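Student: The structure is given below, and queries will be raised subsequently.
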Amino acid sequence: MLWWGYTFRVTYSVMYFEGLGVFAVRKEFLQVLERAGRLKELNGDDLAVLIGADREEGAALFSLADKMRCRYVGEDVHIRGIIEFSNYCARNCLYCGLRKDNAALPRYRMSPQEIVASACQAAGLGCRTIVLQSGEDSFYTAEILSDIIFRIKKDLDVAVTLSVGDRSREDYGIFREAGADRYLLKHETCDTQLFSALRPGTFLEGRVKRLKWLRELGYQAGSGNMVGLPGQTMETLAGDILLMQKLGVAMAGIGPFIPNKQTPLAGEPGGTLDLSLKTLAAARLALPNVHFAATTAMDTVHHRGRAKALKCGANVIMPNMTPARYRDSYLIYPCKAGLSDTPEESYAGAVKTVESVNRGISTDCGHSLVGNRS
Ligand code: 5AD
Ligand code: SF4
């Protein structure tokens, strides 16, 4: 990958990367980037060096991540339509607006008919994957949810991804039998203490166990983490990537933490787009054939956030297919991008973003490229 280099200070080198351009980077950074380009295994220290990139190094990191994305998952972007069907949640995560104790949030539940109708609309617009997301809401029993999944899979030529949090192994099995293809269960942070502090009553071990169950049941499992959580370090972010590697995830969502006034973390600074993009780019180098999303949170902190993510490792975009009347109640964090859009507008916005970075839209479901295919 490296073509020539000239050391002009003790620690800096000007480097030309084939097809990438000329960058001034630290020697240590260069060594890691070169190894990443040759697909050598990266350890936690290596990943922390990449995530800690300065401006110029960041440009080199993004270029290489973009190149790897193109080589391993291609030019086309997968559009996954997300339906946020209930904002009830039994949990009290300190960072999230859907937390049980947030009495200021009006709650809603979509009926099974409404959910299936939204899925039909999303498929009609062109989505080849439907993501069903909610808080942890036991109102939707395994029976109710599996019936919804079955109806969507019967009528539409789509993949179904579930994102409904912690459930029993038995429930996961029932959803899978009903036709669910994928399951998103973000580990949020690999720091065990931080995990339990931010998600009272839960343990990282439990998440990891569930992600293993999901894989055993034949799901394409997805995880991911937030960037900029209080108490998080570069090493934690590097650990997040290593954990996803260990879990063999097929897909992941990495995005900035955005403080929400209606939560105990209201006064925290929150994550930046820059650090989120570096984490995403480093993750692409460590997990070359995983599907990475350009997340809504990235668009919320910067109006071109998703477009930028597509240029440094992401190959998935998830327009919101929730009916407009429910959207402002799915307020995980404030000022969520696209809050007043209809599903048609969200879909068109996603297409525009993809076109703005000169990429095509995938016509297939975008199943896992990591193995564990369904
Ligand atoms: N900022 C950014 N992302 C958040 N999430 C929850 N709260 C926030 C926040 N304040 C993300 C978590 C969760 C998903 C539903 O939303 O990663 O998995
Ligand atoms: Fe509920 Fe998920 Fe929000 Fe936690 S992050 S409060 S589990 S919706």
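Where a number appears in this text, it was derived from the coordinates with a stated rule and is not lab data. The shown structure was predicted, so the numbers you read here are calculated from the model rather than taken from an experiment. For neighbour counting, all protein chains shown are included, and Cβ atoms are generated from backbone atoms with ideal geometry for every residue, glycine included.
Student: When the helix-only estimate is applied to the chain (DSSP H runs of n ≥ 4, each -39,500 (n - 2.57), divided by the residue count), what is the mean residue ellipticity at 222 nm, nearest 500 deg cm²/dmol?
Tutor: Helix-only estimate at 222 nm: -12500 deg cm²/dmol.
Student: Once label points are set 7 Å from the Cα along Cα→Cβ at both ALA324 and PHE139, what is their separation, rounded to one decimal in nm?
Tutor: 2.3
Student: Separate question: Quick one: Cα convex hull volume of the chain, Å³ per residue?
Tutor: Roughly 122 Å³ of hull volume per residue.
Student: How far, in nm, would the chain grow between ALA197 and CYS120 when pulled straight, counting 0.36 nm per residue and subtracting the alpha carbon separation?
Tutor: Result: 23.8 nm gained on full extension.
Student: Could you give me the ³J(HN,Hα) list for segment 277-293, computed from phi with Karplus coefficients 6.51, -1.76, 1.60 and θ = phi - 60°, whole Hz, x at Gly and Pro?
Tutor: Karplus values, whole Hz, x for Gly and Pro: 5, 5, 5, 4, 4, 5, 5, 4, 5, 7, 10, x, 9, 8, 7, 10, 8.
Student: Under a plain spin-label model, where a point goes 7 Å from the Cα along Cα-to-Cβ, how far apart in nm are GLN245 and HIS303?
Tutor: Distance between label points: 3.9 nm.
Student: Now, a different point. So which lysines can LYS311 reach, going by Cα to Cα under 28 Å and dropping same-chain residues fewer than 8 places off?
Tutor: Cross-link targets: LYS27, LYS40, LYS67, LYS186, LYS246, LYS278, LYS336, LYS352.
Student: Whole-Hz Karplus ³J(HN,Hα) for segment 155-161, in order, using 6.51 cos²θ - 1.76 cosθ + 1.60 and θ = phi - 60°, x for Gly and Pro?
Tutor: Per residue, the Karplus-derived 3J(HN,Hα) values read 8, 10, 8, 9, 8, 10, 10 Hz.
Student: Let me ask something else. Using a ≥ b ≥ c from the Cα gyration tensor of segment 228-335 (square roots of the eigenvalues), is it rounded, prolate or oblate, where a/c under 1.5 gives rounded and otherwise the larger of a/b and b/c decides, a/b for prolate?
Tutor: Oblate is the answer for segment 228-335, as a/c is 1.5 or above yet b/c matches or exceeds a/b.
Student: Another question, if that's okay. Helix 343-356 versus the longest principal axis of the chain: what is the Cα-based angle in degrees, 0 to 90, to the nearest 10?
Tutor: Relative to the chain, helix 343-356 is tipped by roughly 10 degrees.
Student: Need one number: % antiparallel among DSSP beta bridges in the chain, to the nearest 5.
Tutor: Rounded to the nearest five, the antiparallel share is 25 percent.
Student: Let me ask something else. Give me, ordered by chain and number, the residues 5 or more places off ARG80 or on other chains with an amide H under 5 Å from its own placed amide H.
Tutor: HN-HN under 5 Å from ARG80: ILE317, MET318.
Student: How high is the FRET efficiency from ASP147 to SER356, r the C-beta distance, R0 35 Å, rounded to 0.05?
Tutor: Calculated value: 0.35.
Student: With only alpha-carbon atoms in the gyration tensor, what are the semi-axes of the equivalent ellipsoid for segment 151-192, in Å, largest first?
Tutor: Ellipsoid semi-axes (Å, largest first): 24, 13, 6.
Student: Go through the chain and flag any cysteine with no other cysteine's C-beta closer than 4.7 Å, please.
Tutor: Those would be CYS70, CYS89, CYS120, CYS127, CYS190, CYS312, CYS335, CYS365, since no other cysteine Cβ in the chain comes under 4.7 Å of theirs.
Student: Can you work out the PRE-style zone for ARG35? Point 7 Å along Cα to Cβ, and I want the residues of segment 48-86 with backbone N under 11 Å.
Tutor: Counting backbone N atoms under 11 Å from the label point, the list is 48-50.
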